[in-house]
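For reference, the structure is listed below as structure tokens.
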Amino acid sequence: MLALHSTVNSPRSETSGIVLKFPNMDRILVVEDDRAVQKALKRLFESEGFAVEICGDGQSAIDAFRANPAAAVVLDLRLPAMSGRDVCREIKRQAPAVPILILSAASDVADKVLLLELGADDYVTKPFSPRELLARVRVSLRRAARTQSTEVSGFDGVTVDFTKMEVTRKGEVVALTAQEFKTLKFLLQNAERVITRDELLNEVWGYQNYPSTRTVDNHILKLRQKLEDDPANPVHFRTVHGVGYKFVP
């Protein structure tokens with residue numbers, strides 16, 4: 001087994017990647033109170049092209065994730081004030097699709113089983129091999145990417161499950177009408193592209209139920225009210241004057 005301070009210099013594969021459609025697709029949140037381990041993990045992941053945010057306790061990790069969701073979470077089981085189990089539960093409540101990989105001591109076998117039941121995606125036992133940890137994170141990211149590319153999408157604390165037709169924002173379920181959900185889905189699937197009102201009408205409502213363009217405006221307004229931090233100054237559901245709308249993750 002490699003020492004904890006060892007680094008990995010292998011090139012990052014093209015698929016090692018990302019949680020699709022999350023804003024910080026190459027960002028990893030590390031929740032660990034040991035400063036030496038913090039530095040080692042930061043070196044390890046940054047050498048592979050990831051951006052890394054470090055939190056030394058559970059509450060700050062939850063706050064950081066809520067403010068700026070990461071593509072994956074590496075979580076120490078034993079934390080001050082709040083247990084890794086509670087952190088795992090809360091992050092999974094906010095974003096069920098984001099993979100969480102647990103770091104645990106060999107004596108925590110029972111807790112590891114419980115964490116997997118709570119939704120943790122994998123774990124490694126301390127002391128661990130950096131190469132093994134990196135490989136496990138990559139596998140979790142690839143698995144999440146395959147799932148989310150077709151079933152789950154997200155942005156800025158919002159998670160959209162296409163299969164369940166369910167939207168959550170900062171862990172809370174957001175009630176959308178069927179047409180609001182269809183409008184949201186079409187915008188997410190066409191992110192960064194300017195979409196005319198006529199195209200939205202055609203794709204979301206269809207020719208047989210052709211309403212006025214005002215209907216589109218009303219639905220975009222509702223999405224802003226439900227999903228934007230400041231609906232009057234939207235960041236994600238943007239108006240392109242004289243043309244239509246553009247969704248920006």
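The values are calculated or read from the model by the stated rules, or taken from the named source; none is laboratory data. Please read all numbers here as calculations on a predicted model, not as lab measurements. Because the Cβ atoms are built from the backbone with ideal geometry, glycine has one as well, and the counts that use them run over all protein chains shown.
If you go through region 187-204 and keep only what is farther than 14 Å from residue 215 by Cβ and free of Cβ contacts under 8 Å to residues at least 40 places away in the same chain, you end up with just 189. Residue pairs whose Cβ atoms lie under 9 Å apart, sitting 6 or more positions apart in sequence or on different chains, and linking a residue in region 42-69 that is over 24 Å from residue 160 (Cβ atoms) to a partner that is of a type in the set (S, T, N, Q) and in a helix (DSSP H, G or I), are 54/38; 56/38. In region 100-115, the condition of being in contact with a helix residue (DSSP H, G or I) (Cβ under 6 Å, 6 or more places away or on another chain), at pLDDT below 85 and over 17 Å from residue 133 (Cα atoms) is met by at least one residue. The set of residues from region 166-186 being touching a residue at least 12 places away in the same chain (Cβ under 8 Å) and closer than 15 Å to residue 96 by Cβ comprises 167, 168, 169, 170, 171, 174.
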